[in-house]
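For reference, the structure is listed below as structure tokens.
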Amino acid sequence: MFKPLYTLLVLSATFILLAGMTFLFPKDGLHIGGSFKLQYPHYTSFLEPEKNQKADISKIIALADEEEKILDKDTTAAEIEAELKDTARPVLITTIQYKNNTPGALENFFASLQHIADEPKSIRILHYGDSQIEGDRISDYLRLKLQSQFGGEGPGLISLMPVAPSVVNKISWSPGWDRYPVFAGKDKRVKHSNFGVMAHFCRFNNYKTLSDTSSYISSWVKIVTSKNGGKNAASYKKLKLFYGGAQTKTYTELYENGSLTKTDSLNAGGVFNIKEFALNQGPLLQEFRFKGKDSPDFYGLSLESDKGVMVDNMGLRGSSGTFFNQINFAQLKQFYDYLNVKFIILQFGGNTLPYIKDKSQADNFGKYLSAQIVTIKKLAPNASILVIGPADMSVKDGADYVTHPQLEDLRDAIRKAAFDNNCAFFDMYDCMGGRNSMVSWVDQKIAATDYIHFSPVGARKIATLLYSALMNDYATYTKTKK
């Protein structure tokens with residue numbers, strides 16, 4: 001049996017050894033071949049605690065809560081405009097930025113909102129982003145508020161095989177379905193560039209050569225709709241299938257809440273076909289049953305209404321946003337024209353940041369993104385574009401989590417790409433508190449412990465601040481255009 005004194009001596013020696021290593025171990029870590037690095041807390045990290053000081057986000061959260069109280073009402077467009085002009089409202093911490101501080105980049109979108117009753121059909125907002133928005137995060141709040149104030153029903157475009165379930169829809173499918181993406185690198189199985197407006201398509205069987213003896217394949221997709229995204233999003237009156245590329249005709253049946261309501265067929269060939277279905281029973285549960293020797297490329301399913309605002313969530317996990325130049329331009333233009341796209345939001349950067357080692361690499365990414373924006377503006381010349389910078393992202397620095405050292409360089413490069421192409425810019429990094437703010441968001445359980453993504457509650461807060469900034473500028477616009 002060990003004596004207590006021996007135990008105390010062993011523990012003391014251990015602590016002395018560990019403390020000594022803080023002086024002897026290299027401050028920048030010990031590189032062991034390749035890219036592997038062994039790190040140990042350095043004594044300077046204890047002597048300089050201010051270096052990694054967390055951001056104080058109390059005022060930001062208080063503002064988000066106050067804004068949500070103001071906006072969380074069933075108000076008309078005129079009433080929300082009056083609210084936004086109220087001088088007693090809190091002052092926004094982060095506003096939308098414009099080149100040379102001259103508004104104008106969003107005027108086409110604002111004009112469409114102001115004259116929404118005169119639009120021949122619903123206007124579309126396409127929200128492209130990486131995993132930060134997947135599952136309809138952030139987009140759902142924009143949709144909720146815009147549809148309650150300007151009209152519109154339905155969640156808009158959804159994938160037949162979403163990466164993550166949304167707050168509005170849960171999708172399930174039969175065996176055999178697969179997703180073919182371009183948004184995080186072109187799928188090598190695909191020999192063409194017709195990926196559609198959502199930068200991917202889905203099929204119920206793989207590509208193959210058909211013959212007279214090829215058998216028919218049966219498959220199904222089910223869409224369950226909840227009211228979690230608001231009453232407007234769950235009140236759509238029609239479905240539209242966007243498809244193309246099949247070698248043969250595909251037969252389809254639509255079931256509403258278990259009852260067969262429509263039989264039809266999908267054409268062979270083409271890269272931009274639409275099949276519209278009017279709903280007899282409304283939302284809750286729809287099921288498509290398909291039968292064919294070959295599957296079409298399904299570019300998306302739209303749950304929508306004829307008038308008002310549609311907000312389409314394009315959460316593209318792993319994407320850097322540099323895929324637009326890899327999609328058939330003619331097809332993409334057909335989508336933008338048909339959908340009546342008036343506003344495009346680009347929210348990327350988070351998947352690029354881990355690979356950025358210095359300012360020059362950040363600047364290069366800005367140039368890549370700029371080239372994508374040039375393409376989008378050519379294909380959708382009537383659409384306003386808002387570029388959203390990356391949120392704060394933390395990396396380990398000794399015992400602490402701190403802002404990625406190249407985040408601000410990347411943010412600046414993305415903002416330059418926006419301004420160079422006369423787009424608006426929203427600084428999400430600044431909005432959430434700037435340097436070392438992600439740690440504070442994690443501490444308050446409004447961001448995930450990966451120190452990258454918002455939690456659902458955090459996504460709602462950042463969406464509230466974004467929407468407030470957007471509507472603040474809309475109120476200013478309408479005041480000058482009466």
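Yes or no, residue by residue, for (1) farther than 14 Å from residue 60 by Cβ; (2) in contact with a helix residue (DSSP H, G or I) (Cβ under 9 Å, 6 or more places away or on another chain); (3) not in a helix (DSSP H, G or I):
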residue	(1), (2), (3)
387	yes, yes, yes
405	yes, no, yes
417	yes, yes, no
429	no, yes, no
452	yes, yes, yes
466	no, yes, no
473	yes, yes, no
477	yes, yes, no
Exercise. Go over the candidates 351, 364, 382 one by one and state the one that is surrounded by fewer than 23 Cβ atoms within 10 Å (Cβ to Cβ), closer than 19 Å to residue 313 by Cα, of a type in the set (S, T, N, Q) and in the same structural domain as residue 452 (by TED's automatic domain parsing).
Key: 351
Quiz prompt | Lone qualifier among 188, 208, 231 - being exposed (fewer than 14 other Cβ atoms within 10 Å of the Cβ) and under 30 Å from residue 369 (Cβ atoms) | solution = 188
Quiz item: Can you tell me which residues in region 199-241 are part of a strand (DSSP E or B) and over 20 Å from residue 176 (Cβ atoms)?
Solution: 224, 225, 238, 239, 240
Quiz item: Does residue 195 satisfy being at pLDDT 95 or above and either in contact with a Cys (Cβ under 7 Å, 6 or more places away or on another chain) or more than 24 Å from residue 337 (Cα to Cα) (or both)?
Solution: no
Self-check item: Single match in 299, 355 (criterion: among the aromatic types (Phe, Trp, Tyr) and touching a strand residue (DSSP E or B) at 6+ places or on another chain (Cβ under 7 Å))
Solution: 299
Quiz item: For residue 403, are the conditions met, namely being surrounded by fewer than 19 Cβ atoms within 10 Å (Cβ to Cβ), over 16 Å from residue 64 (Cβ atoms) and without any contact (Cβ under 8 Å) to a residue 40 or more places away in the chain?
Solution: no
Quiz item: Which ones in region 263-305 are touching a residue at least 60 places away in the same chain (Cβ under 8 Å) and among the β-branched types (Val, Ile, Thr)?
Solution: 271, 274
Practice problem: For region 436-448, indicate whether the set of residues that are among the hydroxyl-bearing types (Ser, Thr, Tyr), out of contact with any His (no Cβ under 9 Å at 6 or more places or on another chain), closer than 26 Å to residue 68 by Cβ and in the same structural domain as residue 378 (by TED's automatic domain parsing) is non-empty. | Solution: yes
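This table checks each residue for (1) at pLDDT 95 or above; (2) out of contact with any Cys (no Cβ under 9 Å at 6 or more places or on another chain); (3) on the phi > 0 side of the Ramachandran plot; (4) not assigned by TED's automatic domain parsing to the domain that holds residue 460.
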site: 223; (1), (2), (3), (4): yes, yes, no, yes
site: 229; (1), (2), (3), (4): no, yes, no, yes
site: 257; (1), (2), (3), (4): no, yes, yes, yes
site: 297; (1), (2), (3), (4): yes, no, no, yes
site: 312; (1), (2), (3), (4): yes, yes, no, no
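Results for (1) closer than 23 Å to residue 369 by Cβ; (2) of a type outside the set (Val, Ile, Thr); (3) buried (at least 23 other Cβ atoms within 10 Å of the Cβ), shown as yes or no for each residue.
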site	(1), (2), (3)
305	no, yes, no
319	yes, yes, yes
322	yes, no, no
326	yes, yes, no
329	yes, yes, no
337	no, yes, no
340	no, yes, no
347	yes, yes, yes
358	yes, yes, no
Exercise. Kindly list, by first and then second residue, each pair from a residue in region 423-446 that is on the phi < 0 side of the Ramachandran plot to a residue that is surrounded by 20 or more Cβ atoms within 10 Å (Cβ to Cβ) and of a type in the set (Lys, Arg), limited to pairs with Cβ atoms under 6 Å and residues at least 6 apart or on different chains.
Key: 429/411
Quiz prompt | Residue satisfying condition, being of a type in the set (Lys, Arg), outside the structural domain of residue 455 (by TED's automatic domain parsing), under 24 Å from residue 277 (Cβ atoms) and modelled with pLDDT of 95 or more, within set 179, 189 | solution = 179
Quiz prompt | Conditions (1) surrounded by fewer than 16 Cβ atoms within 10 Å (Cβ to Cβ); (2) among the basic types (Lys, Arg); (3) under 23 Å from residue 277 (Cβ atoms); (4) in contact with an Asp or Glu (Cβ under 8 Å, 6 or more places away or on another chain): number failed by residue 170 | solution = (4)
Practice problem: Evaluate region 243-254: report whether one residue or more is assigned to a loop (DSSP other than H, G, I, E, B), crowded, with 18+ Cβ neighbours inside 10 Å, touching a residue at least 40 places away in the same chain (Cβ under 8 Å) and out of contact with any helix residue (DSSP H, G or I) (no Cβ under 7 Å at 6 or more places or on another chain). | Solution: yes
Quiz item: With 174, 112 as the choices, which residue is modelled with pLDDT of 95 or more and out of contact with any Phe, Trp or Tyr (no Cβ under 7 Å at 6 or more places or on another chain)?
Solution: 112
Exercise. Looking only at region 171-179, decide whether some residue is free of Cβ contacts under 8 Å to residues at least 24 places away in the same chain and more than 29 Å from the chain's Cα centre (by Cα).
Key: no
Self-check item: Residue match in region 366-380 (condition: more than 25 Å from residue 142 (Cβ to Cβ), among the basic types (Lys, Arg), out of contact with any strand residue (DSSP E or B) (no Cβ under 7 Å at 6 or more places or on another chain) and modelled with pLDDT under 95)
Solution: no
Exercise. With the condition kept exactly as written, say whether any residue in region 127-139 is hydrophobic (A, V, I, L, M, F, W, C) and either touching an Asp or Glu at 6+ places or on another chain (Cβ under 7 Å) or surrounded by 22 or more Cβ atoms within 10 Å (Cβ to Cβ) (or both).
Key: yes
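The values are calculated or read from the model by the stated rules, or taken from the named source; none is laboratory data. Since we're looking at a predicted model, the values are computed, not measured. Methodologically, a virtual Cβ is constructed for each residue, glycine included, from the backbone with ideal geometry; neighbour enumeration extends over all protein chains shown.
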